[in-house]
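Data block below; observations after.
Every number here is computed from the coordinates shown, using simple stated rules; none is lab data. Small disclaimer: the values here were computed from a predicted structure and weren't measured. Here the Cβ is made from the backbone with ideal geometry for all residues, glycine too, and neighbour counts use every protein chain on show.
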Amino acid sequence: MVTRRTLLAAALAGPAICTVAGSAGRRLPPEARALGESGVVVAYGARSLVVGHHTAAALLRDLAARADAAALTVSAVLRRAVRPRVVVPRTTAEAAALAGAGPVDGLAALASAGQVIVLPGAFARLTPVGRDVVLTHELTHVAAGTEGRPVWLREGFADYVGYLRSGLATRVAAAELAAEARAGRLPGALPADAAFAPGSPRLAQVYQESWLACRLIAARYGERALADLYQRAAGMRLGQALEPLGLSVRALVAHWREYVRNELTGAEGDG
Ligand SMILES: [Zn+2]
């Protein structure tokens, strides 16, 4: 059982930091070798490894502590140990080269090849809570895998874990969707993959819809059922993956619309 106390203890433990020069004779972890020969710095958390390229020591330490805490949250949901590897490139171009696919502009972090890549500029502009949400979201992608699921399930599950210990009120985290719901507009279908394309007009809302769909499943059937559904869904159609819950896609959508309405427009008692 992961409690706030264990999370706090992990955050307070303070990871060790060491600077590793490429020529110092010490073997670099593979993540470090990808960043070049000079200016590579490494911080070891209790369960995380953070590798930076010309990264300030304070940021490395902060990331190791946050990655340790994120790992506890992700481990509790997936019911297995998670050991985060975080890489902090020096520039956006370096991040793009490391990520290998797609634009990285505007992103604070992304998941790629078994590690979380943090873009220091955008990451620094996040609030402390935002940093934890983003790191936990990306770490969920890395640890749980993303292949073979509809995008809403992939992103909704990562946001479910990401927001789990954030303490953010639902209407704050889903402000754009709440505005639509208050205006009487409720989603009619689970978001299609295309709705997640960069620059899509309702990008914020489709993430929020996906988050609430996953939160609904956890609320009705338990967190374990949500995590098991996520694993099952990699190899089958959604309708099939929902069968053990006695749930059809149609019934899920009906419950979800109701849940969105209650969570975002209902009486107070939001949390
Ligand atoms: Zn994501």
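Working note: Karplus 6.51/-1.76/1.60 with θ = phi - 60° gives the stretch 95-107 the couplings 4, 5, 5, 5, 6, x, 8, x, x, 10, 4, x, 7 Hz, where Gly and Pro are set to x.
For the stretch 72-165, the direction-averaged projected area of the alpha-carbon convex hull comes to 5.9 nm². Only bridges with both residues in the stretch 27-174 count here: give the DSSP antiparallel percent, nearest 5. Antiparallel bridges: around 60 percent, rounded to the nearest 5. Would you kindly derive the ³J(HN,Hα) couplings of the stretch 228-235 from the backbone phi angles with the Karplus curve 6.51 cos²θ - 1.76 cosθ + 1.60 (θ = phi - 60°), listing them in order in whole Hz, with x for Gly and Pro? After applying 6.51 cos²θ - 1.76 cosθ + 1.60, I find 5, 4, 4, 5, 4, 5, 5, x Hz. With contacts taken as Cα pairs under 8 Å and at least 6 residues apart, the stretch 151-265 reaches a relative contact order of 37 percent. The peptide list 47-53, 76-82, 188-194, 177-183, put in order of mean Cβ contacts within 10 Å with the highest first, becomes 47-53, 177-183, 76-82, 188-194. Label positions at Asp228 and Gln240, each projected 7 Å from the Cα along the C-beta direction, are separated by 1.8 nm. Normalised by the number of residues in the stretch 42-155, the mean separation of alpha-carbon contacts (under 8 Å, six or more apart) gives a relative contact order of 23 percent.
Distant-in-sequence amide contacts of Ala109, defined by a placed amide H-H separation under 5 Å and a gap of 5 or more residues or a different chain, comprise Leu119.
The residues neighbouring Asp193, those whose beta-carbon lies less than 15 Å from its own, together hold a net charge of +1 under the Lys/Arg +1, Asp/Glu -1 convention. Within the stretch 151-265, the percentage of alpha carbon pairs spaced more than 21 angstrom apart rounds to 32%. Amide H to amide H, with H built 1.01 Å from N, His53 comes under 5 Å of Val41, Val88, Arg90, counting only residues 5 or more places away or on other chains. Our coupling estimate for the stretch 56-73, obtained by passing each phi through the Karplus curve with A = 6.51, B = -1.76, C = 1.60 and θ = phi - 60°, is 4, 4, 4, 5, 4, 4, 4, 5, 5, 5, 5, 5, 4, 5, 4, 4, 5, 5 Hz, Gly and Pro reported as x.
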